[in-house]
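Bear in mind that the values in this text are calculations on the coordinates, not laboratory data. None of the values given here were measured: they were computed from a predicted structure. Every residue, glycine as well, gets a Cβ built from its backbone with ideal geometry; the counts of neighbours run over all protein chains shown.
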There are 2 protein chains.
Amino acid sequence: MLIVDSVQHAKAGHAGMALGMAEVAYFLYRHAMRYNSTSPKWFNRDRFVLSAGHACLLQLRLKTQSKVVERKLKMENLAKIEDLKCLCKLGSRTPGYPENVVTQGIEVTTGPLGQGVVNAVGLALAEANLGARYNKPDVAVVDHRTTDLALSEDISARFEALGWNTITIDNSQGNLDAFKNALISAHCETRKPTFIRFPIIPGAVVHCLLKTIIGKLSKKEGSSKAHHGTFDDDDVKQMKQKVKWNDREPFHVIPMVYREMQAQIDLGGRLEQEWNSKLNYYQNKYPEEAAEFKLLVADGMIPGWESSFPKWSMSDPVDSTGGYSGKCLNALAKVLPGLIGGSADLASSNQAYLHNLGDFKQPDSPWGQNIRYGVREHAMAGISNGLALHGGGLIPFAATFLVFSDYMKNSVRLSALSHAGVLYILTHDSVGIGEDGPTHQPIEHLSGLRAIPHLLLFRPADGKETAGAYKVAANVEGALADVVGKGGYIVSDNSEKELPEIILIGTGSELCLCEASANVLRKEGTRVRVVSLVCRRLFDRQPRDYKEFVLPSSVSKRVSVEAGLPLGWKEYVGDEGIATGIDDFGYSGPYSEVFNKYGFTEENVTKTTKSLLTK
Amino acid sequence: MLIVDSVQHAKAGHAGMALGMAEVAYFLYRHAMRYNSTSPKWFNRDRFVLSAGHACLLQLRLKTQSKVVERKLKMENLAKIEDLKCLCKLGSRTPGYPENVVTQGIEVTTGPLGQGVVNAVGLALAEANLGARYNKPDVAVVDHRTTDLALSEDISARFEALGWNTITIDNSQGNLDAFKNALISAHCETRKPTFIRFPIIPGAVVHCLLKTIIGKLSKKEGSSKAHHGTFDDDDVKQMKQKVKWNDREPFHVIPMVYREMQAQIDLGGRLEQEWNSKLNYYQNKYPEEAAEFKLLVADGMIPGWESSFPKWSMSDPVDSTGGYSGKCLNALAKVLPGLIGGSADLASSNQAYLHNLGDFKQPDSPWGQNIRYGVREHAMAGISNGLALHGGGLIPFAATFLVFSDYMKNSVRLSALSHAGVLYILTHDSVGIGEDGPTHQPIEHLSGLRAIPHLLLFRPADGKETAGAYKVAANVEGALADVVGKGGYIVSDNSEKELPEIILIGTGSELCLCEASANVLRKEGTRVRVVSLVCRRLFDRQPRDYKEFVLPSSVSKRVSVEAGLPLGWKEYVGDEGIATGIDDFGYSGPYSEVFNKYGFTEENVTKTTKSLLTK
């Protein structure tokens, strides 16, 4: 009835599935899952993912019930009965869809359908990897489980085809034995994930537990109308009569529930205590592994990790930024045991592979830190979010060509939204890709990714900037002091004590063009500054003084050069400036010819700059 | 050997799969498909989609062979032997991946993996729909077929789970009988699409036709190294020896091939002629249906269609733009028989449903013009591209919430890239969605879609603008004269003969805020102009005079108001102006509170405007 009371009070929210799945979810939280209510971040907890995020209310209710007595504990960020009264209210801990950054006990953010299963795979993958790396024959410090709850259609065959173990529960007897047996069977199947199917019966009139009925108890029971929205007063009254709730106040919780929840809390405390004892034993017997494991779980960085990066000097042969990236990634892997990830079938092209750290493969090598995702960008990003949010200190990287970031856009947005620290390595970042043509040449993608709130997009120009980008990205705690961490900096300037006459702003490969063009102009006596804006958002966050230092407002002649859509560059070049870019889909052709066609040549940058100087 | 010669000449391209699948593709083009080489757009042709776009060379070669004698016909845009020598060269008709807008005979653009099957489904759906609507028991004017060619892994079970008929060919006998039989069997199975699986045998040493071998004949045969890139001279020599090619010049075509291709051309001509006869018979017997059918195939609009739109006046009750959209869509359906489409399970929310025109459903109602896509945005957009590019005059619409456009981003980009006229109806377009919170509140999505080259994004503010947007979008031939077609216009201005002191620029729902704020300021004696920039890209394309008329450069005080990321608005408000927007993920809460939190209120717009006026 808390579900009903909540939507009535909020005049919003989705009650349908929450009512239909209430018993199943209660069973999971009370009789199947191992977790500690008073310690929601306990590392070895079982992890629960709600794919069908609109049934969030179900999850909030469960969390709330299991936390009921914690009101006295004054724990922050845990949903409480009071929070249910704030369902869908601004600033509440009970938003309309589950958000892990808002409500404790919510593992991942699954609102936009299509995330839950991949997130759950990521969580489970994290467990399998850490278990393989740190468990010992005599002691398993990593042995939790992940269970994803989704509305299920008749999709067992699809999961079977993907190599899952599937169990269909078709039990109208009104008890949960079949579900319990299915869970036991799932736990025994250690080689494959298990998919348990609950058939949905839209028109069912019998009450049963496992054939779930949307909007159960309501007049709208069994109808899509029960999906969301409030109930009419008469319906609420009848529902409460059906369960003999009658005249109780809204949001009433009966004593038995409090008792059950207290028992659950006691159980959770014991479970965590047992695990702590196990961890002590582990630490005494395997001190080296324990040190690394505890470092990981504490999400910590090894002191001095920044110094691990390769250094490049002007005399080194020039590499692609993709090449620099591969070297940085491998240097990072040596000092960050949590690094794990893969490429969507393009590792040989984007060099996102951890040498000598093996491929993650079950049952042969679950300890491997390279994941072979295949051409599955969406799954890769969703799994990466699960890896990041598992809480085991894993730092996922996910690599593909920039143009294919399209296929994982929503999952990338959810990395930013749910604070999942994922390193996306997106190579082949402009029409410079050449022969493969417009379907492979990113144009609007830099703009699109920069547009995602809070996401930091770096477009490094050389090895130094690439290493700087990795330092910022891997350092979850905050920015670093070097120039890349400031998002933008002066690369070169011949103005000495005067201000420059013109500023050239570049990113990535086009920074070289700016430098080349600047050198031509300088020889002719022009005062030219070249600025790298390697990360626009970080630059925007700098103090006004620093921004003014790099881009003095009195220098209004400015040219930006980036081989992508010029969207947003007007912010940096101003009304008088020129933003050089491409508002077209590119062409198949040799790299140099395509660049030439769009005017990304030293000659053209120089010409553009001169046209502005003489204006 | 043309494949080999082409990559050697281009020093680029993907020969591996093209070599492995050469016989299969030749068989399809010479012995299975019905098409007319000299008339590549013939309506009733069988349509071929190459999912694995990197094997484009295979398709270009086939097209080329079948067009060999057409060099004399001087047809434009058809790939010829000469074009193979320009493989991957800038401006050639033979780009690295298939692009329908570059090469005649290429049906869709499948470069980024993940498009081919959905495109093919769209093409097949178009045929099924048109066949159901126009075929008669005694004459079928629509009876072509769609065959999608993809690299196939062991995914038969997945297709079976999705309800396909699957046939696996495992025939090492070196002839094509099994394939031929599979095609016959596929044609007989009229209730389901058929998936024919060719197992790939990476290490196979025997030569066989149906177990395909990547890079067949090359030293790299059976290895992923054969995927792309050139062959060494020795390898080319050995390959040519194997097929007794020896000393022939590169790009040599033997006379037998010319004869075969001439036979194919003759056959194609006869096929089209037979169909024309059938169409004549149809026209005589069913003149009304024939008139509509021919109008569709000619891609034409019924004269006067624009007048079909509902008219709204100030006295009508205010509706949401989603509501106006539903009314426009249904008005359009009455005059455009080609309108077909659906919503990704959100039709009741986004009102994208054609009343009284039925649901497309096989075998019951393939004539229906509403497609029930389910929660499958990517498939919806890919299918829409197939529907649009089928050539049968269907005008697809695809609807969902704006935030879920993320899940179909690459397919939307391909609509623009491949000139597939798809109407995307994206409702629930800001944090104004309220209670569902940040996972459902689009922020960067307007920016992201505007960033796609050539795509026109309209954000209408009322019924009039909604109708205007539909008029522009449905009118494939060009823009209309009304203000929405210009992308931006003056909504109101109290400046009379003077210039305004300040310009407020709004889109969508926020245009009302601009008007409300302007009215407050006008009462205080300020000269205020309100401008609607309903489509930024169309406005950008207007003559300088018109743009100057709407946004005079001497009025530097400007405020833009849009409840999304402010990216790109600096272009319109200039250095001195203020772009009001949101660079955050939104909140769950009632609509008005969320808008209030981000400052989208009349009071705040007025305050911002005043701060600028007094600056």
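Summary of values
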read-out: Relative contact order computed over segment B:253-384 (Cα-Cα under 8 Å; 6+ residues apart), in percent; value: 16 percent
read-out: Net charge dipole size for segment B:483-613 [Lys, Arg +1 and Asp, Glu -1 on Cβ; Debye, nearest 20]; value: 300 debye
read-out: Protection-proxy order for peptides B:250-261, B:21-32, A:186-197, each taking the mean of Cβ atoms within 10 Å per residue, highest first; value: B:21-32, A:186-197, B:250-261
read-out: Label-to-label distance, nm, for residues given as residue B:284 and residue B:224 (7 Å Cα→Cβ offset); value: 6.2 nm
read-out: With 5 Å bins from 0: P(r) over segment B:305-474, alpha-carbon pairs, percent; value: 1, 9, 17, 22, 23, 16, 8, 3, 0, 0
read-out: Cα gyration tensor category, rounded, prolate or oblate, for segment B:514-605 with a/c compared to 1.5; value: oblate
read-out: Sorted by Cβ density within 10 Å, fewest first, the residues B:412, B:117; value: B:117, B:412
read-out: Dipole magnitude (debye, nearest 20) for segment B:305-474, charges at Cβ of Lys, Arg, Asp, Glu; value: 480 debye
read-out: Number of partner chain Cβ atoms within 10 Å, mean per residue of A:449-459; value: 4
read-out: Label spacing, shortest first and in nm, from residue B:232 to its equivalents in the remaining copies (7 angstrom along Cα→Cβ); value: 8.2
read-out: Label point 7 Å beyond Cα along the C-beta direction, distances from residue B:140 to other copies (nm, shortest first); value: 5.8
read-out: Dipole in debye (nearest 20) - chain B, about Cα centre, beta carbon charges: Lys, Arg +1; Asp, Glu -1; value: 1740 debye
read-out: Pairs of alpha carbons in chain B whose separation is greater than 30 Å (percent); value: 59 percent
read-out: Per-pair calculated FRET efficiency, R0 = 56 Å: residue A:252 and residue A:319 via Cβ, rounded to 0.05; value: 0.25
read-out: Förster radius 41 Å - calculated FRET efficiency between residue A:274 and residue A:238, Cβ distance, rounded to 0.05; value: 0.35
read-out: Length-normalised contact order of segment A:484-613 in % [C-alpha pairs under 8 Å, at least 6 apart]; value: 28 percent
read-out: Inter-label distance for residue B:364 and residue A:516, nm, one decimal - labels placed 7 Å from Cα along Cα-to-Cβ; value: 6.4 nm
read-out: Averaged over B:375-383, number of beta-carbon atoms from partner chains that fall within 10 Å; value: 1
read-out: Estimated 222 nm signal from helices in chain A, with DSSP H stretches of n ≥ 4 weighted -39500 (n - 2.57), rounded to 500; value: -11000 deg cm²/dmol
read-out: Kyte-Doolittle mean at least -1.0 and Cα axial length at least 24 Å: DSSP H helices in chain A; value: A:116-134
read-out: Which listed pairs, of A:597/B:409; B:557/B:597; B:464/B:523; A:523/A:607; B:136/B:294; A:327/A:464, have C-alpha distances above 19 Å, in listed order; value: A:597/B:409; B:557/B:597; B:464/B:523
read-out: Rel. contact order, % - alpha carbon contacts under 8 angstrom, at least six apart, chain B; value: 12 percent
read-out: Computed FRET value (nearest 0.05) for residue B:348 with residue B:482, which takes r as the C-beta separation and R₀ as 45 Å; value: 0.90
read-out: Inter-copy label distances at residue A:11 (7 Å, Cα→Cβ; nm, one decimal); value: 7.0
read-out: Selection from A:293, A:490, B:453, by position along the positive dipole direction of the protein assembly as shown (Cβ); value: A:293
